[in-house]
Amino acid sequence: MVIFNGYKRAIMQNASTLRAAMAQLGLGQKDLAALLGSRPRASEILHGKRGISTAQALKLHQAWGIPLHTLLNPAAPTQTLQPDQITAAVQAALARFHALRTHRARAKA
């Protein structure tokens, strides 16, 4: 499997950002696992082996108040996004998610 340097760097940045936010909030891997519903997934994210999906970023934002732009755009965590840009990104991701779920449901039928 080939992993592009920029992509791997973005995943590691995401893990670092998430670990720092969790430390400030006094949270640990168990808390992340409870939020995401999977202990192995939490471990993979915190160790930079897996990126954070849009749905997971939204959960983290809603539950812990971590700014979405730091989770959705890890290559530029200091970039200031306008609320409408964040809303548009989340809505687009949710639309893709719902389309995929509908496609899978039709395929099973």
### Identity of the residue in segment 5-40, among the charged types (D, E, K, R) and within 20 Å of residue 65 (Cα to Cα), that ends up modelled with the lowest pLDDT
19
### Residue count, segment 37-73 (criterion: free of Cβ contacts under 8 Å to residues at least 12 places away in the same chain and in a helix (DSSP H, G or I))
6
#### Entry: Given (1) modelled with pLDDT of 80 or more; (2) surrounded by 12 or more Cβ atoms within 10 Å (Cβ to Cβ), index of the condition residue 62 fails
(2)
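The values are calculated or read from the model by the stated rules, or taken from the named source; none is laboratory data. Predicted, not measured: the structure shown is a model, and the values here were computed from it. Every residue, glycine as well, gets a Cβ built from its backbone with ideal geometry; the counts of neighbours run over all protein chains shown.
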